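Chemist: One structure, as structure tokens, below. Some questions next.
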Amino acid sequence: MAQTPPKSTESDADPRRHAPATLRNRDAILAVLPQAFGSACRILEIASGTGEHAAHCAPALAKAAKGGFIWYPSDWDAANLPGIDAHAKAAMADSGQPGCIAPAQRIDVSQADWTPHWTQPGQAGPIEAMFCANMIHIAPWAAAEGLFSGAGRLLPQGGTLTLYGPYRRNGLHTAPSNAEFDASLQSRDPSWGVRDLEGEVVPLAQRSGLSLHKIETMPANNLIVIFRKD
Ligand SMILES: C[S@@+](CC[C@H](N)C(=O)[O-])C[C@H]1O[C@@H](n2cnc3c(N)ncnc32)[C@H](O)[C@@H]1O
């Protein structure tokens, strides 16, 4: 079954939040990211949530890159930022990969002309690739529109935007559990819902100058979809 919205937990003393689904999907996501990112070393993550994907993936990718790799986490919800930073701090210390995750920044992709700000001296520079997990179905369609228009503005030619999550394919759900998940999302907010890859998302990408590059089937009826800036 596709991921349910995270039930994050935190204690008073430790701002780190935990979304149990990230423990189940993080290794499968990490396995695909090297082919999604290629030689890209400056990665902007949209909708980082708890920050657990950044904490798990960035140190491993930095180790493989042997220098210069930096993952920029972000989220619309300012309340998520301290937890993202706390996960990042622990992960960088544990892995011996200092500086591979930048301080989290607040980005609401549904705002017109959103732009990242670069918070570490010496690390300013254009992003080379983007990653976004489990946002476009748990946000109004305007968030998907803003995500793709931002990717079209910010990515260099050949740069990739990688999405993870559940999708309909050619108008149809890929599993009964995804149909149930879609109904539950829409009952919570009618502007949410599992998006149709061919009917909605690919045409949106094309309007922003990105083409569908690759689809990877993931566990629990999810996909990784890689778009490339033309
Ligand atoms: C279901 S959570 C996914 C979090 C994380 N990527 C994961 O897979 O565990 C959805 C996230 O999207 C963020 N979000 C919703 N609308 C957004 C927007 N307009 N811009 C950026 N982030 C947004 C929420 O704050 C939340 O952290």
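Since every read-out is calculated from the coordinates, none of them should be taken as a lab result. A quick note: this is a predicted structure, and the numbers were derived from the prediction, not measured. Note: ideal-geometry Cβ built from the backbone for every residue, glycine included; neighbour counts use all protein chains shown.
Chemist: Farthest toward the dipole's positive end in the chain, which of T217, H18, H53, given Cβ charges of +1 (Lys, Arg) and -1 (Asp, Glu) about the Cα centre?
Modeler: It is T217.
Chemist: Please turn the phi angles of segment 20-34 into ³J(HN,Hα) values with the Karplus equation 6.51 cos²θ - 1.76 cosθ + 1.60 (θ = phi - 60°), one per residue in order, whole Hz, x for glycine and proline.
Modeler: Coupling constants for segment 20-34: x, 4, 5, 5, 7, 10, 5, 6, 5, 5, 4, 5, 8, 4, x Hz.
Chemist: Moving to a separate point now. Using Stokes-Einstein with the Kirkwood hydrodynamic radius over Cα pairs, what translational diffusion coefficient do you get for segment 20-229 at 25 °C and a viscosity of 0.890 mPa s, in µm²/s rounded to a whole number?
Modeler: Values: Rh = 17.2 Å.
In µm²/s, the coefficient is 143.
Chemist: Under 19 Å from the Cα of K229, which aspartates and glutamates turn up, not counting those fewer than eight places away in the same chain?
Modeler: Of all the aspartates and glutamates, those that pass the test against K229 - Cα under 19 Å, at least 8 places apart if same chain - are E45, D113, E128, E145, E198, E200, E216.
Chemist: Same structure again: Before rounding to the nearest 500, sum -39500 (n - 2.57) across all DSSP H runs of length at least 4 in the chain and divide by the residue total; then give [θ] at 222 nm in deg cm²/dmol. Spell out each step's value before the answer.
Modeler: Details: 6 runs with 80 residues, N = 230.
So the calculated ellipticity at 222 nm is -11000 deg cm²/dmol.
Chemist: To continue, here is another question. Where nothing but the Cβ of Lys and Arg (+1) and of Asp and Glu (-1) is charged, how large is the charge dipole of the chain around its Cα centre, in debye to the nearest 20?
Modeler: Values: 19 positive and 22 negative charges, 106 e Å.
Taking the Cα centre of the chain as origin, the dipole is about 500 debye.
Chemist: Specify which residue in the list Y167, M92, A104 is farthest towards the positive end of the charge dipole of the chain, using unit charges on the beta carbon of Lys, Arg (+1) and Asp, Glu (-1), about the Cα centre.
Modeler: Value computed over the given set: M92.
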